[in-house]
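A.B. asks: Can you read through this structure? Questions will come right after.
Please treat every number below as a calculation from the coordinates, not as lab data. Every value quoted in this text rests on a predicted model; they were computed, and no experiment measured them. Every residue, glycine as well, gets a Cβ built from its backbone with ideal geometry; the counts of neighbours run over all protein chains shown.
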Amino acid sequence: MLTIAYIGNGKSTNRYHIPFSTKLKDKINIKTIYSPSGKKDWTPLEGVHYTTDIKDIYDDSEIQLVVLSTPVTTHFSLATEALENGKHVLVEKPFTETAEEARALFILAKEKGLVIQCYQNRRYDSDFLTTQKVIESGVLGDILEVEMHYDYYRPEVPENTTFSKEESYLYGHACHTLDQVLSYFGEPENVHYDVRQLLGEGRMNDYFDLDLYYDKLKVSVKSSYFRLKERPSFVIYGKKGVFVKHTKDRQEEHLKVFYMPDHKDFGIDLPEHYGVLTYMDDQGHYHEEKVISEVGDYSQVYADLYETIVNGKEKVIKDSETILQMEMLEAGIQKLK
């Protein structure tokens, strides 16, 4: 068993982590949850020690892994502290505020013989996995363009938020989609950044459009807080056709209504959510068909990390990918004020 502790007891811990770590009952044991306030706004887990003293984690030799589910401004200091106390660390997105901080943490972990990585659960989104399946089927031929959208209509958020890097849309949401791109397509040859404050200088960054270039392929990552009607989650253009996946992975949708992973249909797409594949075959025949969605599962991050810490397997979420993402987030936000 991998015995773990959480630092932070808010929405991130209880909605996006615990439902998936507790799913792996044969691999993961949650022993302690720390929060400085001691508040328990979420249903406490039976048999788990809740504490306001962080030393209860650091002084416990049974705890091997510390999961940081706290604001990004605390990630570097808390991760450093956990590593200095001999704990492996899993850090929520975005990993740190800067690439320099990320590099420092990976160096420290290596010196200590420990593992630290980012919680990139969106690699296990259903829509992303389905898109990979379509690309790898070859029916679209050479892939020419990929469009990825992560849209909201929440004008009240930017209207009530002033600019800060850690509260930017780029940092808060490109950390999902950029990781998907870098994990699948690798490091781009060139990047064009269009990162805006639609409400003007001094206001929240509420829009971004990043173009990543790979030889003849362009991958666009686009998001806005002012899209009353969302753009498709994925659009893939190839020489022979196109694949459009309108709806996003449903795990978050279900979590928000407390429909948990212990249900067999948790996060599963219905036929109306399936993407549409349209292409010309080698005989010049036109095809249009729905593609049954792959099953997403955020617990796979914990399963992967278990294999790394317990069985010594290579990390799935590479240090270089995390550092590159932080460099790109920094580059994209630097001109905003």
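A.B. asks: Around residue 63, what is the net charge, scoring Lys/Arg as +1 and Asp/Glu as -1 over all other residues with Cβ under 13 Å from its Cβ?
C.D. replies: Net of charged neighbours comes to -1.
A.B. asks: Would you mind calculating the relative contact order of the range 1-122 from Cα pairs under 8 angstrom and at least 6 residues apart, reporting the percent as a whole number?
C.D. replies: Relative contact order of the range 1-122: 23 percent.
A.B. asks: I need the calculated FRET efficiency for the pair residue 85 and residue 259, taking r as the beta carbon distance and R₀ as 51 Å, to the nearest 0.05.
C.D. replies: Here the calculated transfer efficiency is 0.90.
A.B. asks: So what J values fall out for the range 263-269 if you push phi through Karplus, 6.51 cos²θ - 1.76 cosθ + 1.60 with θ = phi - 60°, rounded to Hz, Gly and Pro as x?
C.D. replies: For the range 263-269, the Karplus curve yields 7, 5, 9, 4, x, 7, 5 Hz.
A.B. asks: Relative contact order of the chain: what whole-number percent is it, with Cα pairs under 8 angstrom and at least 6 residues apart? Walk me through the numbers before you get to the answer.
C.D. replies: On the way: 660 pairs, mean separation 63.8, N = 337.
With pairs under 8 Å counted, the relative contact order is 19 percent.
A.B. asks: Gap in Å between the Cα centre of the range 219-239 and the Cα centre of the range 1-76?
C.D. replies: 35
A.B. asks: On to the next question. Tell me, what is the percent relative contact order of the range 124-296, built from C-alpha pairs under 8 Å that lie six or more residues apart?
C.D. replies: Dividing the mean separation by the residue count of the range 124-296 yields 29 percent.
A.B. asks: Return the long-range amide H neighbours of residue 144 (sequence gap of 5 or more, or a different chain), with a cut-off of under 5 Å between placed amide H atoms.
C.D. replies: 237, 238, 239
A.B. asks: What is the packing order of peptides 204-214, 248-258, taking the mean over residues of other C-beta atoms within 10 Å and listing the highest first?
C.D. replies: Per-residue mean Cβ counts within 10 Å order the peptides as 204-214, 248-258.
A.B. asks: Show me the chymotrypsin sites (Phe, Trp or Tyr not before Pro) within the range 1-95 that DSSP assigns to loop and that have at most 13 other Cβ atoms within 10 Å of their Cβ.
C.D. replies: none
A.B. asks: Nothing charged except the Cβ atoms of Lys and Arg (+1) and of Asp and Glu (-1): what's the magnitude of the dipole of the range 124-296 about its Cα centre? Round to the nearest 20 debye.
C.D. replies: It comes to approximately 260 debye.
A.B. asks: Something else now. Farthest toward the dipole's positive end in the range 124-296, which of 254, 143, 181, given Cβ charges of +1 (Lys, Arg) and -1 (Asp, Glu) about the Cα centre?
C.D. replies: Selected residue: 254.
A.B. asks: Which aspartates and glutamates does residue 239 reach when only Cα atoms under 13 Å apart count, and residues fewer than 8 places away in its own chain are ignored?
C.D. replies: The reachable aspartates and glutamates, counting only those whose Cα sits under 13 Å from residue 239, are 142, 145, 281, 282.
A.B. asks: With respect to the cross-link table entries 93/335; 218/240; 87/315; 27/110; 31/93, which display a Cα-Cα separation exceeding 19 Å?
C.D. replies: Checking Cα-Cα distances, 93/335; 27/110; 31/93 exceed 19 Å.
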